[in-house]
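The values are calculated or read from the model by the stated rules, or taken from the named source; none is laboratory data. This one's a predicted model, so the numbers in the text were calculated from it and none came from an experiment. Neighbour counts run over all protein chains shown; Cβ positions are idealised from the backbone, glycine included. Surface areas here come from the heavy atoms of the whole protein model, side chains and all, with no ligands, DNA or RNA. Shrake-Rupley method; radii C 1.70, N 1.55, O 1.52, S 1.80 Å.
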Amino acid sequence: KKIYKYKKVLSNPSRWEVVLKEIRTLVDMALTSPLQDDSINQAPLEIVSKLLSENTNLTTQEHENIIVAIAPLLENNHPPPDLCEFFCKHCRERPRSMVVIEVFTPVVQRILKHNMDFGKCPRLRLFTQEYILALNELNAGMEVVKKFIQSMHGPTGHCPHPRVLPNLVAVCLAAIYSCYEEFINSRDNSPSLKEIRNGCQQPCDRKPTLPLRLLHPSPDLVSQEATLSEARLKSVVVASSEIHVEVEPASTAKPALTASAGDDNEPNLIDCLMVSPACSTMSIELGPQADRTLGCYVEILKLLSDYDDWRPSLASLLQPIPFPKEALAHEKFTKELKYVIQRFAEDPRQEVHSCLLSVRAGKDGWFQLYSPGGVACDDDGELFASMVHILMGSCYKTKKFLLSLAENKLGPCMLLALRGNQTMVEILCLMLEYNIIDNNDTQLQIISTLESTGVGKRMYEQLCDRQRELKELQRKGGPTRLTLPSKSTDADLARLLSSGSFGNLENLSLAFTNVTSACAEHLIKLPSLKQLNLWSTQFGDAGLRLLSEHLTMLQVLNLCETPVTDAGLLALSSMKSLCSLNMNSTKLSADTYEDLKTQRTDKHSKLREVRAWGPAGRGPPARFIGAYTERRS
């Protein structure tokens, strides 16, 4: 009855002094009501929202009085969509109002902490976006925004609210998209990211909707365009209210890329962007408002990347490259975002720096974009070298990764090695050691590159020494079975294998020794090894990855009571010669166990025996390990 009474009174306002008094009484009624129901608090907000939408001629002071009156209800309730629209308008028109700081701040904090899906309530996201832009308009600017982000994270090293980071990232992505939205909507189809990176190397038959022209100084082309004005021949500006794209003529041009004024086969805007350095250069410039918005939200992404606890989730959210192609073609954006990618490359945690790679095969990742030749690379390869260094330092020291570098980035690797970059020198040495390069001329060029610097010459000499030792090690002869004493270490194994020939060694037992994954560097040099016993050692995932790529003849592998996990065990799926695998008392999960068992029925796999029991040899088989571990904990 009370809600109905207030709704009737406020539907026909006469004097706004009376209306404001009734609103305050309505809010007090909702706050003091003993009834526990969401509608008790939502109904007053909906009444006020309708009142504001029907009376658009209110003064700014009246707006602020109403916002202050309903503020107590907003402490524990999200504002309805129409009220969010009203709040957005207030943030845009009066960003320096005290209402923004005193009333809207706790509302936005609650949204970021508790909202589960901006897709269901996009106006909450828009309100949060406008609120942050209003903070950026204050005198202190980004300092205020930085303090707001710090308040959302909290003073400790770990943020207690798991929804804050995903919600902040969603707001940033939407705001950055809005900077290019008008330009995006003016085109009905876009090239793939790969086409942007490759430029005009692939033919493009798209039909763009923008009147974009490529300009060429060739006399023949100028005669074809005699009807155009001289000003247009000098430069073309494709402009919207927010975006200006300027194409500048270069020294040379390709006639195949020209188009007449009414031609339907004009090149697409982004295809023109990366045509080639010799064909044209293009710069994308945003309007003042869009430029401020872009700067604000890219700076927020930088702030988020500075928090250690947020960096893994942030890297995972940005791994699919959730930005429009126009943003990636914008030099200012990629230059500012480089700081975030650098933070990912400097993080030693695998879950962070592995997100630099593409999310799936055939799709570009940040590693490709910021490597030499990528659309975002604006240096001589320093960021590329740091990314390769961190990836090679973790689990990516594999033939597959080296093969990818040899196929796509061999030139930049050799250039950086020529300049004395130690990471690239190591990469080239590993390519030679693992026989990644088949072409003899390319091998000789790599050797010449290595010998041109002091660090390269030293590492190449070490490689030659290892190759001589490897040749001696793999020479036919020696024992077929070998067992190391208990308590032996990696150094003991290396010393033993360097003492003679082991080309005939087929069975090696390292059970109950102190060897670790580091010994895998020596094990992969045994060409005839078929049986390997690692029972009760400290051999882990990194070693398994090396074994899976190099020991193609291995048939029997015992990993009982080793610290291997699912990540390393899944690498064994590539070992087609493996017949018997013992994983008793490991951290194997039931799902991985089932995946390995399915190989027993694969006609291309020789795996016929898979054994796995619970921790310490007790408990049920691996198919029940998940429930067993949960009950035990």
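Carbon and sulfur: what percent of the range 1-188's accessible surface (1.4 Å probe)?
51 percent
Given 21/147; 302/400; 409/457; 363/457; 487/576, which pairs have Cα atoms separated by over 25 Å?
Violating the 25 Å limit, Cα to Cα: 21/147; 302/400; 363/457; 487/576.
Taking 8 Å as the Cα distance limit and 6 or more residues as the minimum spacing, I'd like the relative contact order of the range 1-154 as a percentage.
20 percent
Find the eigenvalues of the gyration tensor of the Cα atoms of the range 345-450, then list the square roots of 5 times those eigenvalues as equivalent ellipsoid semi-axes, largest first, in whole angstrom.
In descending order the semi-axes read 22, 15, 13 Å.
Over the range 1-188, give the accessible area per residue in Å² for a 1.4 Å probe, as an integer.
Per residue, the range 1-188 has 52 Å² of solvent-accessible surface.
Separation between the residue 82 and residue 501 pseudo-spin-labels, each 7 Å from Cα along Cα→Cβ, expressed in nm?
9.2 nm
Starting from the coordinates of the alpha-carbon atoms of the range 481-611, obtain the Kirkwood hydrodynamic radius over all distinct pairs and give the value in Å to one decimal.
Across the range 481-611, the inverse of the average 1/r is 14.7 Å.
Take the solvent-accessible surface of the protein heavy atoms, probe 1.4 Å, and return the percent of it on the range 481-611 that carbon and sulfur atoms account for.
The value for the range 481-611 is 50 percent carbon and sulfur by accessible area.
Using a probe of 1.4 angstrom, how much of the accessible area of the range 342-476 is carbon and sulfur, in percent?
Roughly 46 percent of what the probe reaches on the range 342-476 is carbon or sulfur.
Could you provide, to the nearest whole Å², the per residue accessible area of the range 481-611 with probe 1.4 Å?
43 Å²
Relative contact order for the range 494-536: what is it in percent, counting Cα pairs under 8 Å that are at least 6 residues apart?
55 percent
For the range 481-611, what relative contact order do you get, as a whole percent, if you take Cα pairs closer than 8 Å and at least 6 residues apart?
18 percent
Can you pull the one-decimal nm distance between simple spin-label points at residue 464 and residue 566, each 7 Å off the Cα toward Cβ?
It works out to 4.8 nm between the two label points.
Whole-Å semi-axes of the range 1-188's equivalent ellipsoid, largest first, each the root of 5 times a Cα gyration tensor eigenvalue?
Output for the range 1-188: semi-axes of 30, 20, 17 Å.
For the range 90-177, just say rounded, prolate or oblate: build the C-alpha gyration tensor, square-root its eigenvalues into a ≥ b ≥ c, call rounded for a/c under 1.5, and beyond that prolate if a/b exceeds b/c, oblate if not.
Oblate is the answer for the range 90-177, as a/c is 1.5 or above yet b/c matches or exceeds a/b.
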